[in-house]
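I have placed the structure first, in the form of structure tokens, so that the comments after it can refer back to it.
The values are calculated or read from the model by the stated rules, or taken from the named source; none is laboratory data. Given the structure is predicted, the values throughout are model-derived calculations rather than measurements. Cβ: placed from backbone, ideal geometry, glycine included. Neighbour counts: every protein chain shown.
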Amino acid sequence: MNEQDSSREIEIESVERISKDLTNFHEGDSLLQNPAVIYLVSLGSKSSRATMSSFLNIIAKMIGFNSLHDCNWASIKRHHVQMIIEMLKNSNKSPATINTYLSALKGVALEAWSLQQIDSDTLQRIKAVKSVKGSRIPKGRALQENEIRALMESCTGDKSAKGARDTALISVLIGCGLRRSEIVSIDIEHIITQEKAFKVMGKGNKERYAFMPDSVWNNVLSWIDNYRGEGSGPLFQRIRKNEDITNGRLTSQAILYILEQRRIKSGIAKCAPHDLRRTFATILINDGEDIMTVKDSLGHADISTTQKYIKQGHDKMKKAAERFSGL
């Protein structure tokens with residue numbers, strides 16, 4: 001038996017064992033008695049709720065249920081959590097991803113305790129499960145100068161309303177380093193004119209200013225003055241055929257689609273909206289800004305998160321290897 005078959009057999013045995021242990025679920029239970037639902041409602045942002053909802057649905061299916069809504073969370077014990085972690089390890093999930101699953105499970109356990117579905121001893125045992133150690137090389141990349149130029153030209157060369165909107169939108173992605181969820185939430189009322197800044201609501205319900213470089217400011221003003229207008233509502237709006245600018249707010253998925261279309265037109269390599277955020281961080285560091293300023297500009301709570309965005313260390317190691325003369 002090879003290693004993959006062995007891991008698969010362990011996973012199947014774990015699923016069967018957990019499923020046998022969780023026998024007390026009743027389908028008529030109220031939604032408001034579901035600790036997973038209560039946990040998701042408690043999260044500060046839509047993106048966090050979407051992520052954790054996806055993870056909890058995966059966990060529910062791993063242990064034999066259809067979704068987080070019919071899973072018997074109140075019967076999960078410490079050894080179930082530990083087996084779920086082992087199953088995730090066997091699936092080659094990264095330590096950071098596994099720890100996010102663990103955080104979700106601990107959050108659900110806390111809500112189950114608040115609902116008096118588990119006792120304090122069970123909660124403390126689950127909370128005592130240790131995080132997985134280790135790290136992986138971060139995915140994603142920072143764009144090069146020629147790629148940024150080509151991407152912007154794919155927008156500025158388009159003299160339509162969509163061209164103006166996308167010029168402003170991609171300028172904000174690169175020049176302010178905002179998350180997709182932050183950009184789609186910006187209303188025109190969130191522009192602080194005297195500061196040339198946006199008032200942004202980030203993760204953890206934390207508000208901050210995102211200051212715009214002059215080039216970004218000019219692109220945003222051009223979109224507003226020539227097409228959007230100064231009426232209330234979302235800054236970045238959906239545009240139908242024949243230049244029909246609606247008052248509908250762009251979605252996070254729409255930003256993904258817009259960037260992909262502009263990327264294809266520009267001829268640059270594959271990139272995601274988050275890569276433009278990494279590009280912003282890398283440019284700031286290369287311009288000599290200190291990492292604490294970069295951290296605050298990105299809206300990170302922990303500086304270790306900021307360090308993952310910065311490509312500078314990678315480049316230094318590469319140059320050191322190129323200079324090496326010991327052999």
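Pairs meeting the criteria (first residue in region 33-48 and more than 18 Å from Gln116 (Cβ to Cβ), second residue in a loop (DSSP other than H, G, I, E, B), beta carbons under 9 Å, at least 6 apart or on different chains) are Leu40/Leu68; Gly44/Lys206; Ser45/Gly202; Lys46/Ser185; Ser47/Arg179. The set of residues in region 260-282 that are over 15 Å from Gly140 (Cα atoms) and aliphatic (A, V, I, L, M) contains only Ile264. Among the conditions (1) over 20 Å from Ile191 (Cα atoms); (2) in contact with a strand residue (DSSP E or B) (Cβ under 8 Å, 6 or more places away or on another chain); (3) part of a helix (DSSP H, G or I); (4) aliphatic (A, V, I, L, M), the only one that Val220 does not satisfy is (1). Evaluation of Glu182 against the conditions (1) within 17 Å of Leu256 (Cα to Cα); (2) charged (D, E, K, R); (3) without any contact (Cβ under 8 Å) to a residue 12 or more places away in the chain shows that the sole unmet condition is (3). Being assigned to a loop (DSSP other than H, G, I, E, B) and closer than 20 Å to Ile191 by Cβ is a condition met by no residue of region 256-273. Among the residues of region 169-215, just one is assigned to a loop (DSSP other than H, G, I, E, B), touching a strand residue (DSSP E or B) at 6+ places or on another chain (Cβ under 7 Å) and of a type in the set (Lys, Arg), namely Lys196. Taken over region 63-82, the residue count meeting the criterion of being of a type in the set (A, V, I, L, M) and either within 17 Å of Ile118 (Cα to Cα) or surrounded by fewer than 20 Cβ atoms within 10 Å (Cβ to Cβ) (or both) is 3. Confirm whether Asp275 is surrounded by 11 or more Cβ atoms within 10 Å (Cβ to Cβ), in contact with a strand residue (DSSP E or B) (Cβ under 8 Å, 6 or more places away or on another chain) and acidic (Asp, Glu). For Asp275, the condition - surrounded by 11 or more Cβ atoms within 10 Å (Cβ to Cβ), in contact with a strand residue (DSSP E or B) (Cβ under 8 Å, 6 or more places away or on another chain) and acidic (Asp, Glu) - is not met.
When Asp166, Asp225 are checked against the criterion of being farther than 30 Å from Met52 by Cβ and either in a strand (DSSP E or B) or without any contact (Cβ under 8 Å) to a residue 12 or more places away in the chain (or both), a single residue qualifies: Asp225.
Results for (1) under 23 Å from the mean Cα position of the chain (by Cα); (2) surrounded by 13 or more Cβ atoms within 10 Å (Cβ to Cβ), shown as yes or no for each residue.
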position: Lys203; (1), (2): yes, yes
position: Glu207; (1), (2): yes, no
position: Ile224; (1), (2): no, yes
position: Ser232; (1), (2): no, no
position: Phe236; (1), (2): yes, yes
position: Arg249; (1), (2): yes, yes
position: Gln253; (1), (2): yes, no
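For region 112-153, a tally of residues being more than 27 Å from the chain's Cα centre (by Cα) and not aromatic (Phe, Trp, Tyr) returns 13.
When Val132, Val184, Val200 are screened for being of a type in the set (A, V, I, L, M, F, W, C), more than 30 Å from Ile255 (Cα to Cα), outside the structural domain of Ile59 (by TED's automatic domain parsing) and modelled with pLDDT under 95, only Val132 passes.
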